[in-house]
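Participant: Structure provided below as structure tokens; questions to follow.
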Amino acid sequence: MRRSDEPIYWGLFGAGGMVVAMLLPVIVLITGLLVPMGIMDVETMSFERVHDFASSWWGACILLVIIALPVWHGMHRIYHGLHDLGIHTTKLHHYVFYGFAFLVSAITVGLLMVLVLQ
């Protein structure tokens, strides 16, 4: 009997859903409303501070979670949403959707590693 890789994708889906539900509203609130409206200091989102944050190991890990997990969540939702639309998924769909999520994650890791190792 062949083992399924679905539990891995469901785990990434759940983690991405948690990030989308708990962290992204706060990020949107800070970057989209509080800083532009002047409620928070504009210096909070200055290039130097954001670059220093992204260049630290801790900041790089946080950014990886904030970027990669919602992509996994979205691709898994789209992949299984196709069934609801009457489109039966094939191995090609599997490789396209999860491959895209893996590619975004790998590019994010690569770019963050360049920042951290500078």
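The values are calculated or read from the model by the stated rules, or taken from the named source; none is laboratory data. Model, not experiment: these values are computed from the prediction. Neighbour counts are summed over all protein chains in view; Cβ atoms, including those assigned to glycine, are modelled from backbone coordinates with ideal geometry. The area values use the complete protein model at the heavy-atom level, side chains included, leaving out ligands, DNA and RNA. Shrake-Rupley method; radii C 1.70, N 1.55, O 1.52, S 1.80 Å.
Participant: Compare Ser105, Ser56, Ser4 by solvent-accessible area with a 1.4 Å probe and give them largest first, with all protein chains kept in place.
Facilitator: Order by accessible area, largest first: Ser4, Ser56, Ser105.
Participant: Rounded to whole Å and ordered largest first, report the semi-axes of the equivalent ellipsoid of region 66-114 derived from its Cα gyration tensor (root of 5λ).
Facilitator: Ellipsoid half-lengths, sorted descending, are 25, 11, 4 Å.
Participant: Let me ask something else about it. Can you give the angle from 0 to 90° between the axis of helix 57-84 and the longest principal axis of the chain, with both taken from C-alpha atoms, to the nearest 10?
Facilitator: Helix 57-84 and the main axis of the chain meet at about 30 degrees.
Participant: Out of Ile66, Ile87, Ile27, any idea which swings most in a Gaussian network model of the chain, alpha carbons joined below 10 Å?
Facilitator: Highest fluctuation of the listed residues: Ile87.
Participant: A further question follows. Label points 7 Å out from Cα along the Cβ direction at His80 and Trp57: separation in nm?
Facilitator: Distance between the two pseudo-spin positions: 3.5 nm.
Participant: Apply the Karplus curve 6.51 cos²θ - 1.76 cosθ + 1.60, θ = phi - 60°, to the phi angles in region 41-54 and return the couplings in whole Hz, x for Gly and Pro.
Facilitator: 4, 4, 5, 4, 10, 5, 4, 4, 5, 5, 5, 4, 5, 5
Participant: Based only on Cα atoms, what Rg/Rh ratio does the chain have, Rh being taken as Kirkwood's radius?
Facilitator: Ratio value, two decimals: 1.08.
Participant: Continuing with this model, one more query. Return the Rg/Rh value of region 6-47, two decimal places, where both radii are evaluated on C-alpha atoms and Rh is the Kirkwood radius.
Facilitator: Ratio value, two decimals: 1.25.
Participant: For the pair His88 and Met40, how long in nm is the line joining their label points, each one 7 Å along Cα→Cβ?
Facilitator: 4.9
Participant: With labels modelled as points extended 7 Å from the Cα through the Cβ direction, what inter-label distance (nm, one decimal) is found for Arg2 paired with Phe100?
Facilitator: 2.4
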